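A short write-up of the structure that comes next.
The values are calculated or read from the model by the stated rules, or taken from the named source; none is laboratory data. What you are looking at is a predicted structure, and each value in this text was computed from that prediction instead of being measured. Glycine gets a Cβ as well: all are built from the backbone with ideal geometry, and neighbour counts include every protein chain shown. Protein only, heavy atoms only, side chains kept; ligands, DNA and RNA dropped before computing areas. Shrake-Rupley method; radii C 1.70, N 1.55, O 1.52, S 1.80 Å.
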Amino acid sequence: PPLRDAEWPQGNEQHLIRIVLQGVRDDITVKGTKWSLNMPAFGEAITDRQIADVLTYLRREWGHIADPVTEATVKAVRAATAKREDSWTEAELLQLK
């Protein structure tokens, strides 16, 4: 799916962090188009700092003005979701505030 001007990079940072940590599966809607995909988890492969940096880039590139993602926020989400063994669905992510 596209990232430029898409709602996911500019939306709730908690959603993005969870997608990177545990992955996402099944249908996800981006810019009004439904994408059927599976993205693997990267949580074990990269550090909190790396996740924060990549997500901040996505949230600030292409004229996006979303707030940066901090390493502390990634660390907190990682701790809160440490027992999760399954990837996320769009519906699950959208239920989170």
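Based on DSSP H runs of at least 4 residues, each adding -39500 (n - 2.57), what is the mean residue ellipticity at 222 nm of the chain after dividing by all its residues, to the nearest 500 deg cm²/dmol?
Mean residue ellipticity at 222 nm (helix-derived): -12500 deg cm²/dmol.
Here's the list of lysines a cross-link from LYS75 could span, going by alpha-carbon distance under 17 Å and ignoring same-chain residues fewer than 8 apart: LYS83. Tally up the carbon and sulfur contribution to the accessible surface of the chain as a whole percent, 1.4 Å probe, everything protein left in place. Solvent-exposed carbon and sulfur of the chain make up 53 percent of the total. Here the label points at LEU37 and TRP62, each 7 Å from Cα along the C-beta direction, are separated by 1.1 nm in the simple model. The local environment of GLY32, defined by Cβ-Cβ distances under 15 Å, has a net charge of -1 under the rule Lys, Arg +1 and Asp, Glu -1.
Ligands, DNA and RNA are left out, and with a 1.4 angstrom probe the accessible area of the chain is 61 Å² per residue. Here the Karplus curve 6.51 cos²θ - 1.76 cosθ + 1.60, taken at θ = phi - 60°, turns the phi angles of segment 2-13 into couplings of x, 9, 5, 6, 7, 6, 5, x, 8, x, 5, 4 Hz, with x standing for Gly and Pro. Close amide-amide hydrogen proximity is noted between ASP26 and LEU37, each under 5 Å apart and 5 or more residues distant or on a separate chain (H modeled in the peptide plane; Pro and chain starts excluded).
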